[in-house]
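The values are calculated or read from the model by the stated rules, or taken from the named source; none is laboratory data. Bear in mind that the values here come from a model prediction, so they are computed numbers and not experimental data. Counting neighbours? That spans all protein chains shown, and the Cβs are built from the backbone with ideal geometry, glycine included. Surface accessibility is based on the protein's heavy atoms, side chains included, excluding ligands, DNA and RNA. Shrake-Rupley method; radii C 1.70, N 1.55, O 1.52, S 1.80 Å.
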Amino acid sequence: MDEGTELSLSIAQVVQRLRGSHLHSQIERQAKECLHQPEIKLESLKEDVRSFLKTSGWERKLQNAVYRELHVQLPPSHPAAPPEHLKEPLAYMRKAQANWEKRILKSLNSMSTELGLPLARKRPAVEQKELTNKWNEMGTDEPDLSRFRPVYAPKDFLEVLINLRNPNHDCSEDVSARSHWGLIQVPLNVRDIPQLRRAYSELNLTTGQLGIDDHAHMHPDLFENEHVLVGKKVVEEQDSAAAQQYSRQGCPTGLRADLWALILNATNQPQDVMHYEQLKAGVIQHDLLVDNLIYKDVKLTASNDDYYFVFEDFLYQVLLCFSRDTTVLEHFKYNSATPPKSYIQGNMGNEDCAVVYPPNGVIPFHGFSMYVAPLCFLYNEPSKLYSAFREMYIRHFFRLHSISSSSSGIVSLCLQFEKLLQTHLPQLFYHLRQIGAQPLRIAFKWMVRAFSGYLSTDQLLLLWDRILGYDSLEVVAVLAAAVFAFRAENLMEVTSLASAEAVLADLSTLKVIPLIQIFLFATSI
């Protein structure tokens, strides 16, 4: 497919998605209303209306909406490609993902049967009223969660990834000193350091960075003051593309919330607030079995975290609403996963009675609430927090728990981490492998959460600035390798997996940007 065809297909796709959207009707209404203004002339109608939309800020809103669509639309493909190829081109990946989904759903259904609890039920009026009254203090409620267990934990998922094999790839062909020593044994193209240097050129040692050049010993005039001024201008201009480019060098604390909302096009318009209120009403009316998994997860993770325990109520609100949000189903067009389905009681096997469960198609796992927790530092308005999290999830986080060949997918991140480590620290990799402490077994939990809950919050937000800035999760794999490089001396002394884990147990003192910079730009290649 040539470039012209590809471009026209993308344009048609974006136009189709935006037509019928709320923004489309707003612009249409503005265009009609402006016809009554004296400066709109009949002989130059088209140009005058366009000029009005530009000066009144609607053109910029449309640009931002188009920019968002370009981030979440399907990758360009052959017009004759079947729909499943658009979700994931490799058949063995699709099969592995389908089998994994069956396991998760089976686990959920068996929990429902064992506990004698329905997957969903309508709450009695008394219970609805009670929940409405304590909506802002759900953390004070202590339901008995002892019978519930997470459907799966990251280590279960890692075992599935370790067993992934491409049936068409003969591993015996390349067994040599150059063969892969790691746990991930699938042939995917991942970038090496020279390629990463080109892709992440703004992170080089000579470019100013927030996370380095804003420290007390640095004079603020050198970088920080100017960077903040540029940031304010970007926010003023309301330009998503500029905000994304800007965040590659880090976002100032006072501007981060606005810049991220701009990059994600999480506008928090009245219709967004209304959508959030509708989801809240759905939570109050119906009780879902997955609600207990959300409660349990928050109690096991964020509630025990020194940084995030204060946001417990926010986490319940956002995650309970998220589980009811059917607009999340849109992302399954480009996600290798398929939303799980359950049957209406008494109609097992009848496809006409199959419904997506939970309504958003995402079954939470152990640690899921940590995708939301850091955002609580930026947004104190639930509807805005919700919009930002939903956009982060459908752009990035879903890739961390689904099996795919995407370069930002968890399989590629694991492989990239192992290859970076094997290429640049072969002695360390070999040593850890020999003592039964495969590096990925330690780093996987960091990567699957994009380091949330492992780094101090200011450092985590600096890392997520770069994820948004580069529209990629690759930087997560680079940081994981950089952490091993930083602790290499201590790791060379360890003699077991337990002692290796002890060396890497506390990452809260690490400075993220210097580590990434040194690993990418000061490593000899």
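Confirm whether residue 310 is among the β-branched types (Val, Ile, Thr), assigned by the TED database to the domain that holds residue 392, over 22 Å from residue 394 (Cβ atoms) and open to solvent by 40 Å² or more (accessible area, probe 1.4 Å).
Numbers: among the β-branched types (Val, Ile, Thr): yes; assigned by the TED database to the domain that holds residue 392: yes; over 22 Å from residue 394 (Cβ atoms): yes; open to solvent by 40 Å² or more (accessible area, probe 1.4 Å): yes.
So residue 310 passes the test.
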Conditions first: (1) touching a strand residue (DSSP E or B) at 6+ places or on another chain (Cβ under 6 Å); (2) in a loop (DSSP other than H, G, I, E, B). Residue 89 passes all but one, so which condition is the exception? (1)
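Restricting to segment 210-229, name every residue that is surrounded by 15 or more Cβ atoms within 10 Å (Cβ to Cβ) and modelled with pLDDT of 85 or more. I'd like the intermediate steps shown before the answer.
Quick first cut of segment 210-229, residues surrounded by 15 or more Cβ atoms within 10 Å (Cβ to Cβ) only: 210-214, 223-224, 227-228.
Those that are surrounded by 15 or more Cβ atoms within 10 Å (Cβ to Cβ) and modelled with pLDDT of 85 or more: 227, 228.
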Among all residue pairs at least 6 apart or on different chains, which show Cβ distances below 8 Å where the first residue, located in segment 424-446, is of a type in the set (Ser, Thr, Tyr) and the second is outside any helix (DSSP H, G or I)? 430/181
Residue 104 passes all but one of (1) touching a strand residue (DSSP E or B) at 6+ places or on another chain (Cβ under 8 Å); (2) at pLDDT 90 or above; (3) buried (at least 17 other Cβ atoms within 10 Å of the Cβ); which number fails? (1)
Looking only at segment 492-515, which residues are loosely packed, with under 13 Cβ neighbours inside 10 Å and either on the phi > 0 side of the Ramachandran plot or assigned to a helix (DSSP H, G or I) (or both)? 498, 502
Going through (1) open to solvent by 60 Å² or more (accessible area, probe 1.4 Å); (2) under 21 Å from the mean Cα position of the chain (by Cα) one by one, residue 237 fails only at (2)
